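Right, one structure below, let's go through it.
The values are calculated or read from the model by the stated rules, or taken from the named source; none is laboratory data. These numbers come from a predicted model, not from an experiment. All Cβ positions, even for glycine, are placed from backbone atoms using ideal geometry, and neighbour counts span all protein chains on display. SASA here: full protein model, heavy atoms, side chains in, ligands and nucleic acids out. Shrake-Rupley method; radii C 1.70, N 1.55, O 1.52, S 1.80 Å.
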Amino acid sequence: MKECTQSSSGGAKLTEEQEFLLRSLDDLEKEHSNGDLDDNEYETLRNDYTHRLATLTRSLAGFETPSPSQNSRRYLWWIGVIAVVGIAAGYAVAQSSGLRAPGEPLSGEIDRSPRNRLASAQSLFFANDLEGARGVIEEVLRDAPEMTEALVLSAQIHERMTNPLAAIRQLDQVLESEPKNIDALTLRGWILVRIDEPDVQIEGIRSLDEAISLQPVGFDPYVFRGFVARELENDFILAIEMYEMALDRDPPDAMRAELTRIIEEMSSELQPTAE
Amino acid sequence: MKQRHWISWFCIALVSSLALVAASVADDPPATEAERAYEIKATMLCPVCDGQNVLESNAPVAAAIRAQVDELVSEGRSDAEIRAWMARQYGKDVNANPPRTGIGSLIWIVPVFVAVASTGFLVFAFRKWRVGRGSELSDDDVTIVSSLREPT
Amino acid sequence: MLVRGTGSYVVIALLGTFGVAVGFVGAIGGVMTLVSSLASKREEHHRRAITWVFVMAGGCVLAVTAMEIGLLRDDFSMQYVAANSTRATPVLYKIATLWGALEGSLLLWVFVLSVYVTAVSISFRRRIEDRLVAWALLTMLVVCVFFLGLLVGPADPFGTLSIAPIDGDGLNPLLRNHPLMAIHPVMLYLGYVGFTVPFGFAVAALVTGRLGEGWLVLTRIWTLIAWVSLTVGILLGAWWSYEVLGWGGYWAWDPVENASFLPWLTGTAFIHSVIVQERRGMLRVWNLSLLLATFALTIFGTFLTRSGVIDSVHEFSASSLGPLLLSFFALILVVSVALVGWRGDQLRSPGSIDSPLSREGAFLANNLLFTLFAFVVLLGTVFPLIVEAINGDQLAVGRPYFDRMLLPIGVALLLVMGIAPTLTWRSTAGAVLGTRALVPAAIGAATMVLALLFGAEGLGPVMGIGLGGFVIGSSARHLVFAVVRNGWRGITGRSGGGMVAHIGVSLLAFGFIASTSFSEEGEFQMRPGDRGSVAGHQIIFVDIVDEMDGLNRVVRAQIHVEGRGIYSPAITQYPTFGRPIATPSVATSFIDDVYLSLVAIPEEDSDMVVIRVLVEPLVAWMWVGGLVIAGGSLLAIVPGRRHVRADSEEVGV
Amino acid sequence: MTTRNVRTVRFISAAMGLILFGFVVMLATREGGTGTASRSPLIGQLVPAVAGVGLNEATFDVDDFSDSWVLINFFASWCVPCEREHPQLAEWSRRHKKDGVVVSVPFGDTEEDARAFFADHGGDWPVLMDGDAAWAVAFGVLRPPESFLVSPGGIVVAKWQGQITADEVDRVVNDLEAKAADR
């Protein structure tokens, strides 16, 4: 063997190949007896090695495969197809995974988040598209049934669509999880006081008072409470106090004018009695 | 015997696909503001700390970005707007996700292209290799080999 | 300031310089001997190179010893010691400071390289007259010359200071607060450097034109040793990040992490595809290219970490080594490409494949996937550089990219890994596959159902877990049959050990998937006595300890994790280091880890702390999986060695 | 072997070689990662809103200083260069008693520490807490110290990363004033 190694490189190569095949056969038998190979595998591999070894030993120099003459145009066609498919797939992946610039459409999960949809429901509501707002908010509530802001907005929509019962139910749901939710307390009170039933109205006033006791930053509860004080309780002093509190809280100009007018009216009515 | 295998395979396939469907249904996209902010912070790199993201880094600038992301999210800005704002302030390399357009999109396209092309190449190679020499074992082979192996 | 630096101490630095010089001379001597005897075809002179190898190894041992003595004896007249160690550093970290900074890490590199080259010389001493072995040794020695050359000139670790400071500056605090830092780089280097050996043999095979399978058998064990070291090194690095960095993760797709991962990927591809070549004689060009690429990637990684080209957490301070390492990298590329181009025509393999549905088909798929994986990682790492070179844009490529691109590849790899052991060589009939894969597939499906019951969700994670179960099933099936037939020796050998390693990979995959997909976190502002809860774990903030440790202010929070005990994450303000460093504390169990870290250093005299609590399920299984992989690889090595030794004796006779 | 095969192998290795060559050239020609230079999209823009109550209880609004120079300095008590540049800020503030004001904004720092820092090092100019880090992000501050010079009229004209000196700032001030005089 040593002699062979030292002979020409081609000979060395063949010898090495032969050595390797012999070694592989030994290995194979060891592995088979170890149980690493099952009988089937062992047999196929042994036959294969044996055949290769025999072929080599017979020194059949040209065991190369006759390379099948390929139609080179068809070959190119295939390459083209693969390239096109590859680039298209790559482009698709880039489009679905890459970072988007602002303003690009299809901003993925973001626009579908309940919070975002709630915002669009709010804008629809303020634009007085009650049907549209209700459609959106119902979708939001289906995905996030516990979301308090959504519940409150939904109640607002119901109230505007003169369905006070549904509104109250949803507000109660909010208050169950967040007993100090000012918006819910205010709206609940406001709905209740307008139902012509003394007990219910008292409950409504209690609700409004609770909202005010939390010292909200918005003006709504004060306006409502003032309204109640003036129209239901005839308590002008409390009404004026409430309206003034509302004025302190930066209401829109139209309301400011209206409130100032009412306050003046009430004070002028009060004055004679006071004197 | 064979019949029973088909039944077992059918059961396995059924159970697996049901499990996978259940798994993908249970997975929901970020819903709350906190989850959105978390996503943004996790995919934004801290500009001074070499590869750590804003969520994990305790560098002051990361804290600043975190606070601002929370702020912007609660203002109702979209993810894309927030990312664009941070990229304007700190450079495009605060975004850990490469863009999908322009030259940056190559990083998505090239690997997919390579994958498709190399799979295609392998399919060709298989076809070529298959036309290999027949390797039926003859008795002659066995005698040659056994004579070779005897000395060792 | 105390002046010291004359007298006995400076001797140590001199000793080190001398050692490096001896090593350098030894390497050059070996190269020259081999070149001259190869050129003059005098095989009997090859043997002389071994003597030079011993000289080189002796020099390297001397240099490392000198450095360690300097570190242990606080010899601050040595620049390296003064810059990277302090008197107060504990002994373990003093020893580890050897590889804590640039010059020392290169010294360790050279030391490991010399150990490998010596081991190769000894184990091949009987075959040294073979031109293949001589060329392999020559290649390795050229690599030695390059690295020793770095130590002689541009990265001299034994520079001295004329005035020795009283105390040194100390290491970056991140590098000296966990014992893993002492082992992780050593394992990593054992892996990195170990690939020099198969690289040497690959070059030798190409140069001598002996492209048959002989050289493969010779390098099998070396490749496996390098591979298992690299695997363990990478995992220890991940573990270290997890235990120390404080963000609860272990892998950030940082350029330097990628640099260590790339050779692992190509190396893994190689140890699989090499089996195809051994069995079927195919893929010769491919296997050689994989080895050449693996080595080139280790040098590329070294270049990335030590040149400052890419910003990274793990980067050594930018140095002048960049151009040198880059030139060496270019040299390797030129040599590799030229050799493959030159010998390419002779690399045509005699083997053939009968059916894609066969063991060799699975190995091919495995290789395709691993190469793709490596390509994606490489592209992601260097893409910002490419874009910047083209249009000056600054882009970043981070986790979202790697997650999106690598997840499908990883899932496909698991699938192939599960199917492969049930396939036979040459071709597999559908019925056979149907029988063999049935139980593993059932186990996989059961794992998925189990995962769902435990609250897993998401298509990718659940599919990954199911495939992990499938892999375990098919590997275990293979092992059970082997053991039934052959007793406990059934789990040894390349296939037995390989199957054990595959089980380890599945465990690792479970840990990885669960901890990345199902972790929960919470952040609490707490005063002593406050409670918090994350993912069903109650934590109670018991007390705060605010103390000075030397000049450092250490704030330690004592936190009771219900059912686990008291843990104390800390945060330290080092006066010499800008922002405070948090040291997390982890309550580990096989079900989940409760990871506690302090977010910011509390104001003085305040007992309010901000605690980040992360609950990560199954993380511990990643480390267990790593251990199993290492064990499996060792099982694969042990009998293999016996074979080779028997063979070489046989050939020697 | 067929010549066709030889050609294929040579062709593929030549192509690989070319790609790798380009890659190495790219790496070789890249400058080392020196970090982010002082590129700021803010220069030439209107100064972002900076207003609030300072640590010394005085209110400050950058809009009220539209006829003087404003030097906005982001600092931290733990940052050494900040400590070193502090006397320079004082010096600049002294020079520009009439036509300029320094504003310090702690970045990555607590109010208490910032207060202590000013108690130790002096300085009578406004120090504003950047509550939710809105200003730091608006100015794109990376690490302290960072300073921004706002010209009369409220345009950001310069940005410095790292320690500054009064002279350095004044060079820009004088330059711009000279230009304005020319016009």
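Specify whether the C-alpha gyration tensor of segment C:560-639 places it in the rounded, prolate or oblate class, a ≥ b ≥ c being the square roots of the eigenvalues: rounded for a/c under 1.5, otherwise prolate if a/b is larger than b/c and oblate if not.
Values: a/c = 4.33, a/b = 2.01, b/c = 2.15.
Note, shape of segment C:560-639 comes out oblate.
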Need one value for C:447-456: mean number of C-beta atoms belonging to other chains within 10 Å of its residues' C-beta atoms. 3
Where does chain B land on the Kirkwood hydrodynamic radius, alpha-carbon pairs, in angstrom? 22.0 Å
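Take every Cα pair under 8 Å in chain C that's 6+ residues apart, average their separations, divide by the length, and report that relative contact order as a whole percent.
Values: 1179 pairs, mean separation 65.3, N = 653.
It rounds to 10 percent for chain C.
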Amide H neighbours of C:A600 at under 5 Å, excluding residues fewer than 5 places away on the same chain, with H built from the backbone geometry, are C:V610
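Report the antiparallel proportion of the DSSP beta bridges in the protein assembly as shown as a percent, rounded to a multiple of 5. Intermediate results must be reported in sequence, preceding the final value.
On the way: 60 of 69 bridges.
Expressed as a percentage, antiparallel bridges in the protein assembly as shown total about 85.
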Sequence-distant or interchain residues sharing an amide H contact under 5 Å with C:D592, placed H: which? C:L618
Only Lys, Arg (+1) and Asp, Glu (-1) charged, at Cβ; the protein assembly as shown dipole about Cα centre in debye: 8880 debye
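Can you pull the mean other chain C-beta count within 10 Å for peptide B:74-83? The partial results should precede the final answer.
Numbers: counts 1, 0, 5, 2, 8, 10, 10, 5, 2, 4.
For this peptide, the per-residue mean of nearby foreign Cβ atoms is 5.
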Quick check: Cα centre of segment C:120-142 to Cα centre of segment C:230-306, how many Å? 25 Å
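Once you have the Cα-Cα distance between A:S96 and A:E244, take 0.36 nm times their residue separation minus that, and quote the gain in nm to one decimal.
Numbers: separation 148, 0.36 × 148 = 53.28 nm, distance 5.57 nm.
Length gained, A:S96 through A:E244: 47.7 nm.
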Which residues qualify? For D:V103, with a placed amide H closer than 5 Å and at least 5 residues away or on another chain, they are D:L71, D:I72, D:N73
In order over segment C:611-625: 3J(HN,Hα) from phi, Karplus 6.51/-1.76/1.60, θ = phi - 60°, whole Hz, x for each Gly or Pro, gives 10, 9, 10, 10, 10, 10, x, 6, 4, 4, 5, 5, 6, 4, x
Segment B:16-120: relative contact order in percent, alpha carbon pairs under 8 Å with at least 6 residues between: 20 percent
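Which of rounded, prolate, oblate describes chain C, given a ≥ b ≥ c as roots of the alpha-carbon gyration tensor eigenvalues and a/c under 1.5 marking rounded, otherwise prolate only if a/b is larger than b/c?
Working: a/c = 2.00, a/b = 1.08, b/c = 1.84.
Judged from the Cα gyration tensor, chain C comes out oblate (a/c at least 1.5, b/c at or above a/b).
According to the Kirkwood expression over distinct Cα-Cα pairs, how big is the hydrodynamic radius of the protein assembly as shown, in Å? Could you put the intermediate results ahead of the total?
On the way: mean 1/r = 0.0282 Å⁻¹.
For the protein assembly as shown, the Kirkwood estimate is 35.5 Å.
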Can you list the HN-Hα couplings for segment C:451-467, worked out from phi with the Karplus curve (6.51, -1.76, 1.60; θ = phi - 60°), rounded to whole Hz and with x for Gly and Pro? 4, 5, 4, 7, x, 6, 8, x, 4, x, x, 5, 5, x, 5, x, 5
Based on C-alpha coordinates, I'd like the Rg and Dmax of chain D, in Å. 24.7, 90
Based on the mean of other Cβ atoms within 10 Å per residue, sort peptides C:329-341, D:49-61 so the most packed one is first. C:329-341, D:49-61
Do any trypsin sites (Lys or Arg not before Pro) in segment D:66-156 lie in a DSSP loop with no more than 14 other beta carbon atoms within 10 Å, and if so, which? D:K97, D:K98
B:D141: accessible area at probe 1.4 Å, nearest 10 Å²? 0 Å²
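Pairs to check: B:K92/D:K159; B:K92/D:K98; D:K159/D:K179; B:K41/D:K159. Give those whose C-alpha atoms are more than 30 Å from each other in this structure.
Working: B:K92/D:K159 19 Å; B:K92/D:K98 40 Å; D:K159/D:K179 19 Å; B:K41/D:K159 27 Å.
Exceeds cut-off: B:K92/D:K98.
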Take D:D124 and A:E139, extend 7 Å from each Cα along the Cα→Cβ direction, and tell me the distance between the two endpoints in nm. 6.3 nm
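Checking the a/c ratio against 1.5 first, then a/b against b/c, what shape does the Cα gyration tensor give for segment C:397-449? Can you show the working numbers first?
Details: a/c = 4.86, a/b = 1.89, b/c = 2.57.
Cα axes put segment C:397-449 in the oblate bin.
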Among the aspartates and glutamates, which fall within straight-line cross-link reach of A:K180, defined as a Cα-Cα distance under 17 Å, with same-chain neighbours fewer than 8 residues apart omitted? A:E146, A:E149, A:D172, A:E203, A:D209, A:E210, A:D220
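Could you work out the helix-only [θ] at 222 nm for chain C, with each DSSP H run of four or more residues adding -39,500 (n - 2.57) and the total divided by the number of residues, to the nearest 500 deg cm²/dmol? The partial results should precede the final answer.
Working: 19 runs with 408 residues, N = 653.
Rounded to the nearest 500, the figure is -21500 deg cm²/dmol.
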Quick one: if you stick a label point 7 Å off each Cα along the C-beta vector at C:V411 and C:V545, how many nm between them? 4.8 nm
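Taking each residue of D:15-26 in turn, how many C-beta atoms of other protein chains fall within 10 Å of its C-beta, and what is the average?
Per residue, the number of nearby Cβ atoms from other chains is 5 on average.
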Evaluated at 10 °C with a viscosity of 1.306 mPa s, what Stokes-Einstein diffusion coefficient in µm²/s does segment C:1-171 have when Rh comes from the Kirkwood expression over alpha-carbon pairs? 95 µm²/s
In sequence order, what are the phi-derived ³J(HN,Hα) couplings for segment C:245-254 according to the Karplus relation 6.51 cos²θ - 1.76 cosθ + 1.60 with θ = phi - 60°, rounded to whole Hz, with x for glycine and proline? 6, x, 10, x, x, 10, 8, 10, 6, 6
